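The values are calculated or read from the model by the stated rules, or taken from the named source; none is laboratory data. Bear in mind that the values here come from a model prediction, so they are computed numbers and not experimental data. Glycine also receives a Cβ, built like all others from the backbone with ideal geometry; neighbour counts cover every protein chain displayed.
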Amino acid sequence: MALSAAVLPAVLPASLPEVCWLEGAALPRALRADGADRPAGPLVLRLEGGRISAIAAQATGDAPVFDLRGATVLPAFVDPHTHLDKGDLLAAGLAVERNLFRAIDAVRADYPRWSEAELRLRMGFALRTAWAHGTRALLSYVDWAAPPHDGPGPLAWRVLCALRDEWRGRIEIVPCSLATIDLLADPVQAERLGREVAAGGGVLGVFVYPAPHCAGLVPLAFDLAERFDLRLDFHVDEHLAPPIANLPTVARLARERGWGARTVCGHNCLLSVMDRAHCDATLDAVAEAGIGLVALPYTNLHLQDSAQQPPFTTPRQRGILPLHEAAARGIRVALGSDNHRDPFFPAGDLDPLQTLALAALAAQLDDPLQSWASAVTTQPASLLGLAWDGLLRVGSPADLVIHPGRNAAEVLSRPCHGRVVLRAGQPVDGTLPDFRELDALRS
Ligand SMILES: [Zn+2]
C-alpha cells in the first residue's frame, strides 16, 4: 500500500498506535466544532480508541507524535447524490449521451440485461472506489421503473440494500428511489413505492421533469412521504428552459407541510438562468422552507446547454445552481458526484474532493477549502440525517482524510495526489480498484 511517503514524508506508518498525536494538522475553520474561536495555524489532534480525544495547540508527550507538517485534515466525506445502479454502464457497452432524456432512455432499454451479478460488480466497484477516496456515507438512487417487479423493489434496489448491510461500518449507504413523478398518479403504484422504500429504510426520491402537468403531481410526493414517514428527495429543474419551474412548487409545499428539514432538491440548474428577481424569490422560499440543495457540477457541466450532434458548439450556460446566493441565505448546500462512467456522464470517480475542486472553478467559490469543504462533509451529513454531523471535535470519530496540501491552492490543484484516509484512527488501503475488473461486464 502506498502511504504517500514522498508526500506526507514518512510520517504515517501503515498502522498507527492505539493512542497517538498528529501534530501540524491544518483544520478548515468550518469543519471545527469550535469554529473561529481557535487561533489560526496548525493544531494537534490526539487519537485514542478510534476517536479524537483532544484538539490542542501542543502534544503533551504521553504518546507517539507524528508531524503532518501542515497537511490538511478533513472529516471523511459524505456524498449525497450518486447513481450506483447505473455506474460503469459504459464498460458494459453503452454509449455516452449529450442529452438527459436520451441517456434515460438508453439506461431503461438496458434494464432487461441487468443481473444481480452484474449489479454487484458495478456497485461493488463503486463502493471500493468511494472507500479508497475517503467517503464514509453516500446516498444512491435506484431507478424505480414501473412495476411489475418480482420482489420488494427493483432488482437494483434489493442488491443495494444487501450491499448496505454488507458495507455497514465502512460506508453508510442510504438507498433512495428514483421514480418519475407520474408514477405517483397511480394510487396502487404509489402505495407500493412508499411501502417498499419504507421497508428498505430508504428515502423517497422522485424525478420531476419539465412538463406542464408535473407541478400538479408534486403534492402526491408529500402525501406519500407523510404517510410512510419518509425523507424526500427531488431531482428537479435539471434543465435551462423557462418557464417551467418546479422548485418553487416544492418549496411552497415543503413549507406548508412542515417537511422542509426532511426535503432535498438536487440539480436546480434552472436557477442559473432565471431572471434575478425570480431566482431570488425562489431561493428565499427554499430558505424559508428549510430545504437543502445539492449541486452536481460534473454531470450538469456535461449535459446542460450541450449540442446534440455535430457540428458541436461550446456551451454558454453551465447549469450550476447559484451556490453563493444559496449559502448567503443560510441554505444547506452540498455537492454530489451524480453519475459516473455511464450514458449521463463519461467520467467521474466518486471522489468528493475532486468534485469540490471542480465546483471551486465552475462556481468561482470563495475560499473553497475553509468555507466550502463543508459542502462535501458536514452539509451532506445534515441532508442525510447522519448520526455524526462531521464536525471535528473531541469525541468525534477519527474518520479523517489527510491531504498533504496545506491550503486551498495546494489541495485543490492536486486533489487526487497523496491523501491518506484514516478510519477509526487507522490508515486504510487507498488502492483504487483496477478498471480491468470491469471487463467482465462484456463477457
Ligand atoms: Zn442524479
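Summary of computed values
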quantity: Residue ID - surrounded by the fewest Cβ atoms within 10 Å (Cβ to Cβ), chosen from residues in region 187-239 that are within 16 Å of the ligand (Cβ to nearest atom) and of a type in the set (Phe, Trp, Tyr); calculated: Tyr209
quantity: Number of positions in region 240-259 that are within 16 Å of the ligand (Cβ to nearest atom) and among the polar types (S, T, N, Q); calculated: 1
quantity: Check on Ala381, assigned to a helix (DSSP H, G or I), more than 16 Å from the ligand (Cβ to nearest atom) and touching a residue at least 24 places away in the same chain (Cβ under 8 Å); calculated: yes
quantity: Members of region 313-348 found to be among the charged types (D, E, K, R) and within 16 Å of the ligand (Cβ to nearest atom), listed by number; calculated: Asp338, Arg341, Asp342
quantity: Which listed residue, of Leu432, Leu438, is touching an Asp or Glu at 6+ places or on another chain (Cβ under 6 Å) and outside the structural domain of Ala26 (by TED's automatic domain parsing); calculated: Leu438
quantity: Residues of region 316-353 that turn out to be under 17 Å from Ala137 (Cα atoms) and charged (D, E, K, R), as a count; calculated: 3
quantity: Qualifying residue in region 310-332 (condition: in the same structural domain as Glu288 (by TED's automatic domain parsing), touching a strand residue (DSSP E or B) at 6+ places or on another chain (Cβ under 9 Å) and in a strand (DSSP E or B)); calculated: no
quantity: Odd one out for Tyr141 among (1) within 16 Å of the ligand (Cβ to nearest atom); (2) hydroxyl-bearing (Ser, Thr, Tyr); (3) over 22 Å from the mean Cα position of the chain (by Cα); calculated: (3)
quantity: Members of region 389-413 that are under 16 Å from Gly169 (Cα atoms) and not in a loop (DSSP other than H, G, I, E, B); calculated: Pro397, Leu400
quantity: The listed residue being assigned by TED's automatic domain parsing to the domain that holds Ser177 and within 16 Å of the ligand (Cβ to nearest atom), out of Leu119, Leu84; calculated: Leu84
quantity: Candidates Leu361, Leu353, Leu386 - the one that is touching a residue at least 12 places away in the same chain (Cβ under 8 Å) and either part of a helix (DSSP H, G or I) or surrounded by 23 or more Cβ atoms within 10 Å (Cβ to Cβ) (or both); calculated: Leu353
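To keep it simple, each residue is scored yes or no on (1) farther than 30 Å from Ala398 by Cα; (2) out of contact with any helix residue (DSSP H, G or I) (no Cβ under 8 Å at 6 or more places or on another chain); (3) β-branched (Val, Ile, Thr).
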position: Ser177; (1), (2), (3): yes, no, no
position: Pro187; (1), (2), (3): yes, yes, no
position: Val197; (1), (2), (3): yes, no, yes
position: Val206; (1), (2), (3): yes, no, yes
position: Ala211; (1), (2), (3): yes, yes, no
position: Ala221; (1), (2), (3): yes, no, no
position: Phe228; (1), (2), (3): yes, no, no
position: Asp233; (1), (2), (3): no, yes, no
